[in-house]
Amino acid sequence: MLLKSLLLTALLITSTTAQVKADKKFSKVPAELRDRLIERMNSYFEYERTQQYDKLYGLTSNKAVTQPEPSDKPTKEELIEEIRKWGGSIPLKVKIISLNEYRGQTDHPVYTMLLRLKSRYNGRDVDEDRLFEAHFDNGDWYFRSYHIET
């Protein structure tokens, strides 16, 4: 019986997915772009959770604009190295703390979000904060994610 309970618990834990939910914070995003943004964000966190780095790389923005020195898209190898640097945490739950339109010099809409994630890191559940950029470019959404050390 104990083994059954442990297996059921393990199954529930591994099937947990970090889902972004539509709420009033997204009202700053034009209505016609909102559903696709949420869909792509959910794909991003699903690919991160399941370590599908090729697909995650496909959702990575070509530019990072909110950092002190805006940067171009990393190579796939650089992205994987950055993920490994942070220990490959697995997102379980995503909460949007704030969402703001970036008003810098870009030729496409950019939104910045402060996220609080519940993640699995080295076998433990931990809270982590991230700065998340969402770029609408060439007809779709692309992202950059930055861990915030506290």
Over segment 85-98, the set of residues under 14 Å from Phe132 (Cβ atoms), loosely packed, with under 14 Cβ neighbours inside 10 Å and without any contact (Cβ under 8 Å) to a residue 40 or more places away in the chain is Ile97
Which number in (1) in contact (Cβ under 8 Å) with a residue 12 or more places away in the chain; (2) over 15 Å from Met41 (Cα atoms); (3) in contact with a strand residue (DSSP E or B) (Cβ under 8 Å, 6 or more places away or on another chain) marks the one condition that Asn122 misses? (3)
Regarding segment 68-84, can at least one residue be identified that is out of contact with any Asp or Glu (no Cβ under 8 Å at 6 or more places or on another chain), exposed (fewer than 14 other Cβ atoms within 10 Å of the Cβ) and in contact (Cβ under 8 Å) with a residue 12 or more places away in the chain? no
Considering only residues that are of a type in the set (A, V, I, L, M, F, W, C) and touching a helix residue (DSSP H, G or I) at 6+ places or on another chain (Cβ under 9 Å), look in segment 27-59 and name the one that is nearest to Pro109 (Cα to Cα). Val29
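Residue by residue, here is whether (1) under 14 Å from Arg130 (Cα atoms); (2) at pLDDT 80 or above; (3) not aliphatic (A, V, I, L, M) holds:
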{"position": "Ala31", "(1), (2), (3)": "no, yes, no"}
{"position": "Ser43", "(1), (2), (3)": "no, yes, yes"}
{"position": "Thr60", "(1), (2), (3)": "no, yes, yes"}
{"position": "Gln67", "(1), (2), (3)": "yes, no, yes"}
{"position": "Arg103", "(1), (2), (3)": "no, no, yes"}
{"position": "Thr112", "(1), (2), (3)": "yes, yes, yes"}
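The values are calculated or read from the model by the stated rules, or taken from the named source; none is laboratory data. It should be emphasised that the depicted structure is a prediction, and the values quoted were computed from it without experimental measurement. Ideal geometry is used to build each Cβ from the backbone, glycine not excepted, and the neighbour counts take in all protein chains shown.
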